[in-house]
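The structure appears right after this line, and notes come after that.
What follows draws every value from the coordinates through simple rules; no lab data is involved. This structure is a prediction, so every number in the text was calculated from the model and none was measured. Note that we place each Cβ from the backbone using ideal geometry, even for glycine, and neighbour counts take in every protein chain shown.
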Amino acid sequence: MDEGLDAVDERLLEELARDGRLSVRALAEKVSISRANAYTRLERLRATGVLLGFTTVVDPGRTGLRTSAYVSLVVRQDAWRTLRERLREMPEVQHMALVGGDVDVVLLVRTTDNDALRRLVFDRVQAIPGVLSSRTLLIFEDLPNLPGVP
C-alpha cells in the first residue's frame, strides 16, 4: 500500500471493495471508528486520488452484450491522443490501455454479437487514422473482477 495510508485507511478500502454500497455509518462500524472519522478519511482518500469513485459491476451478457474481445492495436506513435479521443466516443470500448511491448494499445470491447464485433473492428477502429494493424482475441468465458484492494 501507499506510504500515506495507515491501517485504518487500508481497512476502509478493503470494506468498500467488498461492498461499495456501505453507508458511512456502516463502514465506520465495520472499521471501528467514528462516523466523523470515516467521513473525513473518505474525503481525504477521494481528494488525494486514492479512491477514484464507486461503481456497479454488471453482467454484460445479461444486458445484451454477448460478445466480448480484447483488441490489440499497433499505432503510429504520434496518433495516440487522437486515437484515444476517437475510441472514447465508442460505447463498445469498455476499457483501453496504452501498453509497452509488441502492441501499443489494448482494448476490451463488448458487442451484441460477432457481426457487430466485426463491424466495430474493421469499419470503425481500423478506419481511425494512425491505426496500423489490429488483432482480435475473442473471450470465451468472462470471469468477474474479484473485489479487493491492490
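Computed from label points 7 Å out along Cα-Cβ, the spacing between LEU143 and ASP19 is 2.5 nm.
Can you give the FRET efficiency for ASP78 and LEU108, using 1/(1 + (r/R0)^6), R0 = 30 Å, r = Cβ-Cβ distance, to the nearest 0.05? It comes to 0.75.
Using a/c under 1.5 as the rounded threshold, could you call the stretch 12-58 rounded, prolate or oblate? The axes a ≥ b ≥ c are square roots of the C-alpha gyration tensor eigenvalues, and prolate needs a/b larger than b/c, oblate otherwise. Taking the square roots of the gyration eigenvalues as a ≥ b ≥ c, the stretch 12-58 is oblate. If I take every Cα pair under 8 Å that is 6 or more residues apart in the chain, average their sequence separation and divide by the length, what percent do I get for the relative contact order? In percent, rounded to a whole number, it is 27. With 0.36 nm allotted per residue and the present C-alpha distance subtracted, the VAL57-GLU29 stretch has 7.6 nm of extension available. Taking the longest Cα principal axis of the chain as reference, the axis of helix 7-18 is set at about 50 degrees. Projected over all directions and averaged, the alpha-carbon convex hull of the chain occupies 11.0 nm².
Normalised by the number of residues in the stretch 15-70, the average gap of Cα pairs under 8 Å and 6 or more apart makes the relative contact order 20 percent. What you get for the stretch 7-47, charging only the Cβ of Lys and Arg (+1) and of Asp and Glu (-1), is a dipole of about 140 debye around the Cα centre.
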